[in-house]
1. Can you give the % of DSSP beta bridges in the stretch 34-133 that are antiparallel, to the nearest 5?
2. How high is the relative contact order of the stretch 144-207, given as a whole-number percent (alpha carbon pairs under 8 Å, six or more residues apart)?
3. What is the percent carbon and sulfur in the accessible area of the stretch 92-193, measuring with a 1.4 Å probe over the protein chains and ignoring ligands?
4. Would you mind checking which residues have amide H under 5 Å from residue 98's amide H? H placed 1.01 Å from N; only 5 or more apart, or other chain.
5. So if I take the centroid of the Cα atoms in the stretch 115-155 and the same for the stretch 203-219, what is the distance between those two points in Å?
6. For the stretch 61-73, in order, what is each residue's ³J(HN,Hα) by Karplus, 6.51 cos²θ - 1.76 cosθ + 1.60 with θ = phi - 60°, in whole Hz (x at glycine and Pro)?
7. Compute the convex hull volume of the Cα atoms of the chain, divide it by the residue count, and report the result per residue in Å³ as a whole number.
8. Which Cα, out of 168, 200, 178, lies furthest along the positive dipole direction of the stretch 156-211 (beta carbon charges, K/R +1, D/E -1)?
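The values are calculated or read from the model by the stated rules, or taken from the named source; none is laboratory data. Not measured: the values here are computed from a predicted model. Glycine gets a Cβ as well: all are built from the backbone with ideal geometry, and neighbour counts include every protein chain shown. Heavy atoms of the whole protein, side chains included, go into the accessibility calculation; ligands, DNA and RNA do not. Shrake-Rupley method; radii C 1.70, N 1.55, O 1.52, S 1.80 Å.
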Amino acid sequence: MILSHVLFHRHTPWQSEIRCSTNIFASLFQQAGDHVTYMHGMINPGHVVTHKGRYHYWRKGPRREHGAWVFTPLSMVPYSRVWPFDQPAAARLAYQSCIPSIKSQVLASGEGEPDVIWTANPGSTALRHAFPRARLVFQVVDYYPAFSGNAIKQIERRDYEEADHILVIGETLKRYIMDEHGIDAARITVLGQGVFTENYRPDLPVPDDIAQLPHPLAIWVGVNSKCDPAMFRSAAAHM
């Protein structure tokens, strides 16, 4: 039985060598029997002229790909890190000025309007303009000001206030959203990050430079300033 139609939105392509968490969640919804529409990040006329950004995905047009309806919108209003295109108004207009409209490209799937919008792109709660009856879930996958500047905080606040629910990848982000943006903890769920363990072989040899360390070993690969101390404490206790 088909449960619902879910519109996923993130800059990351639907199918590529590296699949982000949003891709994985979309695949899990597919496995549960839901219709999935996947919207890549937008491009603007500048990308069309220069063939940069996600131009080659846009050129493919709306299509059925690996069980999902996939498309890349062309927006007439640039939305970027450069003023004044980094402001909330630019984000809203970018989503509302797409040609063809986002709504028409979603409906071209034949699945009707989405029941749920699952997005990880700052500014994308503007999708509510196209689908006001859909529940909107915002997946916070990073500390966005770190690479977009503090101007993104205005857009974040609007997103988090308008979302029906917020999903985050760690307690650190949850605290940031509560403290910086005043969002109630009841509206935030920590999903955490995980792996498909079958993709990792347990019989790989331990590298020589750490072979003498006491076992079992757990290795963190990432930016230290973005790690979650509570996660390390939990892992150490479990081991």
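1. 50 percent
2. 28 percent
3. Answer for the stretch 92-193 is 50 percent, counting heavy atoms of protein chains only.
4. 76
5. 40 Å
6. x, x, 7, 8, 9, 6, x, 10, 8, 10, 7, 10, x
7. Per-residue hull volume (Cα only) is 168 Å³.
8. Value computed over the given set: 178.
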